[in-house]
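Here is the structure we will look at, set down as structure tokens.
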Amino acid sequence: MKKKTIWWVILLIGGLGVAYLLFIRPRIRARKLEFTYTQIQRGSLESTISSTGSLEAINTIQVGTQISGTISRIYVDYNDKVTAGQLLAQIDTRLLSSAVSNASANVSVLEARLHQAEDEYRRNTVLFEKKVITEKEYKDSKYVYEQALSNKNAAFASLKSAQVNLGYAYIKSPISGTITERSVEEGQTVAASFATPTLFIIAENLSNMQILADVDESDIGYVSKGMRVRFTVQTYPEKKFYGDVSQIRLEPVRINNVVNYKVVVRVGNKDGLLLPGMTASLDFIADTVNNVPLINNSALRFRPNEIMLEKIKPMLISKASALPDSLRERFLAAVYDEESFVNGNFRKALPLKVTLIFYETAHKELGCDFVQLGITTGLQSEIKTFMTGEELTEGTRIINGIKSEGK
């Protein structure tokens, strides 16, 4: 009998050991959670809106020709500095000079005919007053004189036109600036029959330039005139350039079915590093804060599990007194709702800029706080206010995940 009793005791102890290993120990371990942490830091943060655009001169003039002909001389080339009125190119003037000579000769002929008609008219005027000639003869001479006068004026206008066309053969710069494009060569024929051909493009002043940036309709409301802009170009990836928003064009432009708006950014270019046509990657600096408490966004995304929820429910109810009345009622309703609480959906009762953070206290205990957020970037967020009034110090360990079960 004693041997059977001993065996039963051994079996009972073994069964209890197995039950402990299979059921009791995992539950004890499950309640001893080990967290991962991030820390509150003080620093600077800025809210930016990203975009791309292209650099160009503020004032660009296309220089063309109003007459057709062959380019006989070109006096400038790419990148040349020019002044207003400087001769850029010349069209062959032989035909144009001939046209001026013909027009001038025609004026001389018609002036001679006008003098003859004028003399005839004056003589007939005297004879008509003395009733020597008929009224018809008098009127005929008057008509011939007036016609000769009109012909002479028309010929003189044609001469002026031929002279103007001759002047157009000398293509001059309308502004002072830099030649950024030359579209013709000596000996090339240009035709101005239907449209003015472009011969040169002149950028007025490359020491000041502008960027035309496309800003998405979802971001355009945060862009304002005078806003600071930081940008880089591919050829100087390590160098940062700065400018300011000078204009927001109200004309919508649809790009890949997304509405965009053109934003003009004025930039300085005293060193001449920026060239027309360069692609710029821009950050519109919407807001900046310095020396403020910052938190990693991973802590804002943390959701307590079921074991944590059992511990923090009384704490959440107590801390909710720091919330405004209407918000507190909505939050507590979500906490008291069992299904919403267990699923962690009670946090959805908080507005976008108000959230909960969980942290480790100085006594190694679990704590939580409501915080109001300021600027948020992809990595960090500004803590604008600790809503319970207990400001957490720099270095406080904020829970951002559950690492493993304790042992």
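The values are calculated or read from the model by the stated rules, or taken from the named source; none is laboratory data. Not measured: the values here are computed from a predicted model. Reconstructed Cβ throughout: ideal geometry from the backbone, glycine too, with neighbour counts over all protein chains shown.
Odds and ends about this structure:
- Of the numbered criteria (1) assigned to a helix (DSSP H, G or I); (2) at pLDDT 90 or above; (3) not charged (D, E, K, R), the one Gly14 fails is (2).
Matching residues to (1) basic (Lys, Arg); (2) farther than 14 Å from Asn297 by Cβ; (3) out of contact with any His (no Cβ under 6 Å at 6 or more places or on another chain):
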{"site": "Tyr359", "(1), (2), (3)": "no, yes, yes"}
{"site": "Lys364", "(1), (2), (3)": "yes, yes, yes"}
{"site": "Val371", "(1), (2), (3)": "no, no, yes"}
{"site": "Gly374", "(1), (2), (3)": "no, no, yes"}
{"site": "Ile383", "(1), (2), (3)": "no, no, yes"}
{"site": "Phe386", "(1), (2), (3)": "no, yes, yes"}
{"site": "Thr393", "(1), (2), (3)": "no, yes, yes"}
{"site": "Ile399", "(1), (2), (3)": "no, no, yes"}
{"site": "Ile402", "(1), (2), (3)": "no, yes, yes"}
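- Meets criteria (hydrophobic (A, V, I, L, M, F, W, C), at pLDDT below 90 and within 43 Å of the chain's Cα centre (by Cα)) for Ile67: yes
- Hey, Asp283 on the phi < 0 side of the Ramachandran plot and in a strand (DSSP E or B) or not: yes
- Subset of the range 225-256 that is among the hydroxyl-bearing types (Ser, Thr, Tyr) and touching a strand residue (DSSP E or B) at 6+ places or on another chain (Cβ under 7 Å) - its residue that is nearest to Asp271 (Cα to Cα): Tyr242
- Selection within the range 255-269 - of a type outside the set (A, V, I, L, M), more than 13 Å from Thr52 (Cα to Cα) and at pLDDT 90 or above: Arg266, Gly268, Asn269
- Given (1) in contact (Cβ under 8 Å) with a residue 60 or more places away in the chain; (2) farther than 18 Å from Gly401 by Cα; (3) touching a strand residue (DSSP E or B) at 6+ places or on another chain (Cβ under 9 Å), index of the condition Glu360 fails: (2)
- Scanning the range 229-260 for residues that are more than 19 Å from Gly277 (Cα to Cα) and in contact (Cβ under 8 Å) with a residue 40 or more places away in the chain yields Ile255, Val258, Val259, Asn260.
- Screening the range 376-405 for residues that are outside any strand (DSSP E or B), over 33 Å from the mean Cα position of the chain (by Cα) and among the hydroxyl-bearing types (Ser, Thr, Tyr) and picking the one that is nearest to Leu327 (Cα to Cα) gives Thr388.
- Every residue from the range 167-195 that is of a type in the set (A, V, I, L, M, F, W, C), part of a loop (DSSP other than H, G, I, E, B) and more than 25 Å from Glu56 (Cβ to Cβ): Ala169, Ala191, Ala192, Phe194
To keep it simple, each residue is scored yes or no on (1) in a strand (DSSP E or B); (2) within 30 Å of Glu390 (Cβ to Cβ); (3) within 22 Å of the chain's Cα centre (by Cα); (4) among the charged types (D, E, K, R).
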position: Phe231; (1), (2), (3), (4): yes, no, yes, no
position: Arg266; (1), (2), (3), (4): yes, no, yes, yes
position: Ala299; (1), (2), (3), (4): no, yes, no, no
position: Leu327; (1), (2), (3), (4): no, yes, no, no
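- Being more than 52 Å from the chain's Cα centre (by Cα), in a helix (DSSP H, G or I) and surrounded by fewer than 13 Cβ atoms within 10 Å (Cβ to Cβ) is a property that Ser101 has.
- Here Pro304 meets the list (1) surrounded by 11 or more Cβ atoms within 10 Å (Cβ to Cβ); (2) part of a helix (DSSP H, G or I) almost entirely, failing just condition (2).
- Leu373 vs. criteria buried (at least 16 other Cβ atoms within 10 Å of the Cβ) and assigned to a loop (DSSP other than H, G, I, E, B): no
- Per-region count, the range 376-399, residues within 24 Å of Glu306 (Cβ to Cβ) and buried (at least 21 other Cβ atoms within 10 Å of the Cβ): 2
- Glu34 passes every criterion in (1) touching a strand residue (DSSP E or B) at 6+ places or on another chain (Cβ under 8 Å); (2) surrounded by 14 or more Cβ atoms within 10 Å (Cβ to Cβ); (3) on the phi < 0 side of the Ramachandran plot apart from (2).
- A single member of Val132, Val126, Val144 is buried (at least 16 other Cβ atoms within 10 Å of the Cβ), of a type in the set (A, V, I, L, M, F, W, C) and either in contact with a Pro (Cβ under 8 Å, 6 or more places away or on another chain) or over 26 Å from Ala99 (Cβ atoms) (or both), and it is Val144.
- Test: residue in the range 71-88 that is among the hydroxyl-bearing types (Ser, Thr, Tyr), more than 30 Å from Lys262 (Cα to Cα), in contact with a Pro (Cβ under 9 Å, 6 or more places away or on another chain) and not in a strand (DSSP E or B): no
- The set of residues from the range 212-222 being surrounded by fewer than 19 Cβ atoms within 10 Å (Cβ to Cβ) and either assigned to a strand (DSSP E or B) or at pLDDT 95 or above (or both) comprises Leu212, Asp214, Asp216.
- For the range 157-184, filtered to residues that are over 13 Å from Gly64 (Cα atoms), touching a residue at least 12 places away in the same chain (Cβ under 8 Å) and more than 37 Å from the chain's Cα centre (by Cα), the residue that is surrounded by the fewest Cβ atoms within 10 Å (Cβ to Cβ) is Ser161.
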